[in-house]
């Protein structure tokens, strides 16, 4: 019996993985036509991340050479580099942001146009089985959610991942002993993000259905306004809408609560690692190997890691919304069209 349950569970996991792979493949097909812009955006993102995280490295020579040895030349050179670094950082940020926004808007435009054209070709029976509010929500709400998934979510994933890699490399270069402590919390943070991701996906699906119900109820009230007045059913209609509206609010609050609790937990775990680093650095053998600049660099790098870790935990909310919206839209686009068999 247990083997049968395990086989059924494994079969469901394989089917789910296959569906997700197909969904990703189909979604990426909309982006393949913008290969040059995608490459430009990736270069801009990577350059921004390298410059943004790499600025911390200048703390070491400024403290050890500029202040520790009273070297005025190092401080003067640092003053010139600051302007150039921020100019390069701003240029990379603008290039990547504009390219990604353009790609995202074009993909949203294309999918929305396809969905509207599909709407015009569907048979009458489909409209009888599906309420108008849900159909309107697909074209307006779902397409916007899809845009968010592959603009802000994917951008944050790439940018913050590169920043983490750069910061981690600097930490290892200056003291692998202190850096090893931070590796202990990585699996814990990964586990939290995985749990949060699953909950986001579940709540996002319910929130999407709730938005369709709100749209449908609003549309019915507008279309049947005269009947509502004649039959004096305003109170009943209002109570029905209040229930749907409150359900939508509850689902949104669950989403916000999950997002709000995940960030402090991740930061609390990271704070234990920073505390352990300070204790380890107090050992004479370790302390003798560190310069004031190196120790300051490691502390700043560890503190800076909290922000990208927080950003990576937040993208699950937007990413799962976008994937649910993509699944909804692609299912709609695959609906059987009405065949014109009439004669002139």
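Relative to the present Cα-Cα distance, how much length would full extension add between residue 233 and residue 105 at 0.36 nm per residue of separation? Intermediate results must be reported in sequence, preceding the final value.
Numbers: separation 128, 0.36 × 128 = 46.08 nm, distance 4.23 nm.
Result: 41.9 nm gained on full extension.
Calculated [222 nm] ellipticity per residue, helices only, for the chain: -29000 deg cm²/dmol; basis is -39500 (n - 2.57) per DSSP H run with n ≥ 4, divided by all residues, nearest 500.
With a Cα-only, solvent-free Debye model of region 82-147, what are the log10 I(q)/I(0) values at q = 0.15, 0.16 Å⁻¹? Per q value, in the given order, log10 I(q)/I(0) is -0.61, -0.65. Once the Cα atoms of helix 2-28 and of the chain are each reduced to a long axis, what angle between those two axes, in degrees from 0 to 90 to the nearest 10, is obtained? Its long axis makes an angle of about 90 degrees.
Against the compact-protein benchmark of 2.2 N^0.38 Å, the Cα-based radius of gyration of the chain scales to 1.32.
From most to least packed by mean Cβ count within 10 Å, the peptides 288-296, 170-178, 145-153 give 145-153, 170-178, 288-296. Principal-axis analysis of the Cα atoms of the chain puts helix 176-223 at an angle of about 20° to the longest axis.
Can you tell me the relative contact order of the chain? Whole percent, Cα pairs under 8 Å, sequence separation 6 or more.
The normalised contact order for the chain reaches 31 percent.
Each part gets one Cα centre, and for region 113-128 versus region 68-92 those centres are 59 Å apart. Considering only 52, 64, 142, the mean-square fluctuation computed in a Gaussian network model of the chain, springs between alpha carbons under 10 angstrom, is largest for 64. Two numbers describe the Cα atoms of region 210-259: Rg and Dmax, which are 13.4, 46 Å.
Taking only alpha carbon atoms, region 115-177 gives an Rg to Rh ratio of 1.45, where Rh is the Kirkwood radius. Taking the C-alpha atoms only, the angle from helix 292-333 to the longest principal axis of the chain is near 10 degrees.
Read the figures in this text as sums done on the coordinates, not as results from a lab. It should be emphasised that the depicted structure is a prediction, and the values quoted were computed from it without experimental measurement. Here Cβ is always computed from backbone atoms with ideal geometry, including for glycine, and neighbour counts include all displayed protein chains.
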